[in-house]
Amino acid sequence: MNVRFRPPSEKVDDFVIINFSMSGEEEEFYQEEENFEDSFDDNQVYDDYVTYNDDDDDDIIFTPDDTIDTRFSNIQNIVSTYCAYMYESPADLLPSGSIEVDIPRTFLPLSLQAVYGFLVNDYVLHLSFELQDFDWSRHPNILDIKHPVYGPCYVGNALVNMAVSEFFTPSYKPRQNYRSAPYFLCSSGHVDYNKVTELQKLGFSSAQSQRALLLCSNHLDKTITFLRTGELPAITNNINFSECASFRDCPLMYLVLEIADCFLDLQDHCSICRCPSTPGLKPSICNKELCNFRFSEIGIGTSVIQEIRRDPLVADLILSMFSAAIKTPYLTPSPPGYTDPQIEKICATMPQMAQLASSCQSDQDLTHQIGSDAVQLLRWVLLSNRSHLIYLPPQLSLPQFKSSKQFMALISSPESENAFQELKEKYGSIYLWHGSNGERWHSIVRNGLKNATGTKLQANGSALGEGIYFARDSKTSWGYSRTADNRYRASQMGKQLHIISLVEIAKIPMGKNVTVTIPCRDAEGNLTQKNVTGFLKNHQWAHTLTLEEACVVRFLMVGGDFEEDVLVKPPRNVPTLKDVLNYHIEHSV
């Protein structure tokens, strides 16, 4: 028997297997080659063939399909390249040819991890797929994208599904810059390990701290801001990943960058169609009719009951602020498709949020209990609100402000927060109070504090001139924060809504116009800069501020009768976002 192995470079067409015999029976297979026997000498050693001769009459020629082996080897190289960049969370190539990737949540700033509900697991997504014929330009034979806890129903799923669908096409072209690239790429340079230790004390991992310090040139304050807000110094942002690895070398990395950018884009793009939108912490949608329809049908990747169960007191407060704004100019924005009487009736008959959280496991359960109109209104009130509030239990509340329900407010987008931090780093900061009528807080929480002087939204006179008004003494702000009827009758916030806020203000030079350059995003979502001008004035009992970027609402106080001058006695033991999140994680059921 002659066994001949054909080299990979040879053609298959000219070969024939003859006299193949097993169990004494002969079969002949022809492939149109008249002089096949003349082309081989059974005893000759060929450069291109390995011949095994045992003097039998049976000839067997093996023609291995090396094409598959070569393409599989190529996939191995791609996965290896990916793992070189993502050494903390490598990809796996299974013997079947399937690729599995776990995308870590650490590329997201801490604030977005909390808002999107991603603190429940170390990974935002598990991705498993098997390429169709080893081809990245065709839709995979198998494709499974899910969150480890939420499955396919996670915040941002609409954008991720759209991005992945567009990626596996012949027309896909990688972008030059990715917002997420700096979070994944390993920067070169020397790490200050003393600062790594300081960051670890704040709860960040060693790997996170080292990478962030390199990206921020070992500047500790900028590194902390980056880890909390996700905003990098402008010099390190918009890294061109193609300079590190081409698409051909590592399409897997480009796939992960496309997916990661979806989550970062949620803060300033429509969560359905990805058109640029006003920045905010929570995902939202644009004004397109189709996006509004899809939002009412599928939401933004999280359920209404999930948002209620996350923090029932926050859901209570948000609905209470909304109900207090009914029939006022401050119901901005307002829910589409509802009349004021409809809204009032729904709010009046809505059960306590804690009761809904304990009795409902799904939006279907919620619909069965309160009706579809009420669920749709709650969906809009809770999920279209782009700010994020967290209730502070007594163990975390600011101790000097007693007899009030306290909430940490995350109202600014990461980019707005970063702009504030730059001002704070340069000028320092102080805390002051801001009081406003209860019917106005629906708009403030959604849009931030605005200089309404001279506009139809101006609530009081302007005895001290233009600007947003702040007080050093809480008693003054309580006086300005007139109560409003809470139409949500089952609310735990009381029948009369009474709120003041503790605001952190960058202490820009008093009494002068200050122009500062801050980073921002243009209409296409690209990083750019803009100049803003304003002033801060001290009137002894009050301050006025026209530079909106220089103030951030940090805490809301609902109810209470305390009196505190925060310039004489600044807030102490102020909890950080990390403190609050750790507490909720440790005490979650």
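The values are calculated or read from the model by the stated rules, or taken from the named source; none is laboratory data. This one's a predicted model, so the numbers in the text were calculated from it and none came from an experiment. Counting neighbours? That spans all protein chains shown, and the Cβs are built from the backbone with ideal geometry, glycine included.
For this structure, a couple of remarks:
- Complete set of residues in the stretch 174-221 that are in contact (Cβ under 8 Å) with a residue 60 or more places away in the chain and over 23 Å from MET253 (Cβ atoms): LEU202, GLY203, ASP221
- Pairs meeting the criteria (first residue in the stretch 568-582 and of a type in the set (S, T, N, Q), second residue not in a loop (DSSP other than H, G, I, E, B), beta carbons under 9 Å, at least 6 apart or on different chains) are THR576/ARG228.
- The criterion of at least 1 residues that are in contact with a Pro (Cβ under 7 Å, 6 or more places away or on another chain) is met, among helices (runs of 4 or more DSSP H) falling completely within the stretch 111-228, by 206-215.
- Scanning the stretch 478-490 for residues that are in contact with a strand residue (DSSP E or B) (Cβ under 8 Å, 6 or more places away or on another chain) and either surrounded by fewer than 19 Cβ atoms within 10 Å (Cβ to Cβ) or of a type in the set (Ser, Thr, Tyr) (or both) gives GLY479, TYR480, SER481, THR483, ASP485.
- Residue count, the stretch 84-97 (criterion: part of a helix (DSSP H, G or I) and surrounded by 18 or more Cβ atoms within 10 Å (Cβ to Cβ)): 1
- Residue in the stretch 146-161 that is among the charged types (D, E, K, R) and surrounded by 13 or more Cβ atoms within 10 Å (Cβ to Cβ) present: yes
- For the stretch 476-493, the criterion of a residue being over 35 Å from the mean Cα position of the chain (by Cα), in contact (Cβ under 8 Å) with a residue 24 or more places away in the chain and on the phi > 0 side of the Ramachandran plot is satisfied by no position.
- When the strands (runs of 3 or more DSSP E) confined to the stretch 488-572 are screened for residues that are over 30 Å from PRO399 (Cα atoms) and assigned by the TED database to the domain that holds TYR469, those reaching at least 2 such residues are found at 514-521, 527-534.
- When the stretch 278-301 is limited to residues that are among the hydroxyl-bearing types (Ser, Thr, Tyr) and surrounded by fewer than 23 Cβ atoms within 10 Å (Cβ to Cβ), the one that is modelled with the lowest pLDDT turns out to be SER296.
- Count of the stretch 310-342 residues which are without any contact (Cβ under 8 Å) to a residue 40 or more places away in the chain and either among the basic types (Lys, Arg) or in a helix (DSSP H, G or I) (or both): 4
- Of all residues in the stretch 190-243 being of a type in the set (Gly, Ala, Ser), at pLDDT below 80 and more than 19 Å from THR528 (Cβ to Cβ), the one that is surrounded by the most Cβ atoms within 10 Å (Cβ to Cβ): SER242
- Comparison of SER403, SER436 shows that the only residue that is over 25 Å from the mean Cα position of the chain (by Cα), surrounded by fewer than 20 Cβ atoms within 10 Å (Cβ to Cβ) and either over 16 Å from TYR469 (Cα atoms) or in contact (Cβ under 8 Å) with a residue 12 or more places away in the chain (or both) is SER403.
- Close contacts from the stretch 156-167, counting a first residue that is assigned by the TED database to the domain that holds GLN113 and of a type in the set (S, T, N, Q) and a second that is crowded, with 19+ Cβ neighbours inside 10 Å and modelled with pLDDT under 95, with Cβ to Cβ under 6 Å and a gap of 6+ residues or different chains, come to ASN157/GLY301.
- ALA354 out of contact with any strand residue (DSSP E or B) (no Cβ under 7 Å at 6 or more places or on another chain) and modelled with pLDDT of 95 or more: yes
- Residue among ALA181, ALA163 that alone is closer than 19 Å to LEU227 by Cβ and of a type in the set (Gly, Ala, Ser): ALA181
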